[in-house]
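Read-outs: derived from the displayed coordinates by stated rules, not from any lab. Every value quoted in this text rests on a predicted model; they were computed, and no experiment measured them. Counting neighbours? That spans all protein chains shown, and the Cβs are built from the backbone with ideal geometry, glycine included.
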Amino acid sequence: MASPPPAAMRYHFRSKVVVGGVFRGVDFEFDGLESGFAAFAVGLCGDTGVLLPGGVLGGEGPGESSGKKVFRFAQTGSFPTRKGRSLRFIARPICSRSAGSSCLMFSFIHAADLHLDSPLRGLSRYEGAPVEKIRGATRRALENLVTLALEKEVDFLLIAGDLYDGDQKDYDTALFFNRQMQRLLARRIPVFTIRGNHDAGSVITKTLTSPENVQTFPLKRAATILHATLPLAIHGQGFANASVQENLAAEYPVAQPDRFNIGLLHTSLAGSTEHDTYAPCSLADLNQKAYQYWALGHIHQPAVIQESPWIVYSGNTQGRKINEPGPRGCYLVEVNDSLEVISHSFEPLDVVRWVHLEIDLAEVVSPDDLRAKIAARFSAALQEVGERLLAMRLTLTGATELHGVLHSQMSQWQAECLSLAGEIDPGQLWMERLKLRTTPTYDPAELASRDDLTALVLRALDDFDPLERPAAVSVLEGKLPAAALEALESERKNDSLREKVSAIVLHSIATSHIE
């Protein structure tokens, strides 16, 4: 039997009751007692199992008046309903409070940009690569999202667009999503979604009816959904087509008084260098709506743009390429009975973590030293991500005697990195690419002063431009597939060809003089 609470405190409880296998949640409060046991009453309204405020027992037994059964202070219990079913309840204290303080009223999760079944880009296949983990990463991230919602017993889930990555060739992706939503339906957790540029109304042609707990906002105009039991208003509008250039936020409804107002919006705000501009709007546009929270999607980097009111990008739930490094997940938000955010925490969901590693070779003088340094860096990075798969890009930097060797033996060192990753943990390490940003330890100007031929070669090297090519080469390139041509242009733009040629030539000149 629990001890009675202090007399000056008011205790707030959240109850989860089970009726016929269905969870129903109710909040209730009762005052502390000077003596005796704290109690609460359970009103039997059919099979709903509504919990009502309790009264003073002072050590008496259960009451039987007016169809109510009163229990002494407890955490669990059960009793028969009028229809003969067994109703179980679980009551746990959320907080205790005195005059002027506040308690948790509800919690929710803000997620976006799930891009279900979209491929992770830039990862090549090689012997021993964990292909299946990569292929299912976005699905596992959704499973983690649903598991988090269940474990935290949130009151609802928000998905701010781009649930899908585009039109689907079949219904398998939608079936998987529905199965995950059914897990939430079993616990009566509603889900509110909007469509973004990747899953706009004009893009998705194959659709399935969602479970009854999933509500999707309309495409033609903004709408408001009022929660059935909470003082909550959610406003939102989805994308009718894949390139919305209008300011959707400007037409969102005004805030509902005496409710916690959430704006669900897929937008680039004023614009982003890494993402296309869609549904552009300003912070002033959002602020003037007087909502307490804006749940944004489209930008994949998690970011709290503003805290008063809250304007937040949750980021994507699973990074899909090396330009999306670091933790990816969602935000868990708690709101008190004064309709204020009292907790806002980022929760990682990703199962594949992209990282960009760098190693300075300033003190590395031999290939064996380099292998040892790479292995140590891989091991340290793996420790930082726990059980996740680590997708790495390794960049070698600094002035080193190995500069020329690395460039002339690039494919070998790429393979060395793959081998080292396999030795450490073949199931958790995936090498995306090796990049070189090293510099030589010798001075090119000093080499040019040695003789006229060397000076001529180095001047030609300075004038070398990989973007310039003979007309015949341009004609051949015009016959390449679009994907191959895009990859070729990418290599030219990042100066990798120029750096490689320069390193090999300089290394050849330097070593030939030594010999």
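In summary, the range 105-350 shows an alpha-carbon radius of gyration equal to 0.96 times the 2.2 N^0.38 Å reference for compact globular proteins. Its Cα centre serving as origin, the range 105-350 has a Cβ charge dipole (Lys and Arg +1, Asp and Glu -1) of approximately 500 debye. Sorting the segments 213-221, 394-402 by their mean number of nearby beta carbons within 10 angstrom, highest to lowest, gives 394-402, 213-221. Peptides 427-438, 376-387, 289-300, ordered by how many other C-beta atoms sit within 10 Å of their residues on average, highest first, read 289-300, 427-438, 376-387.
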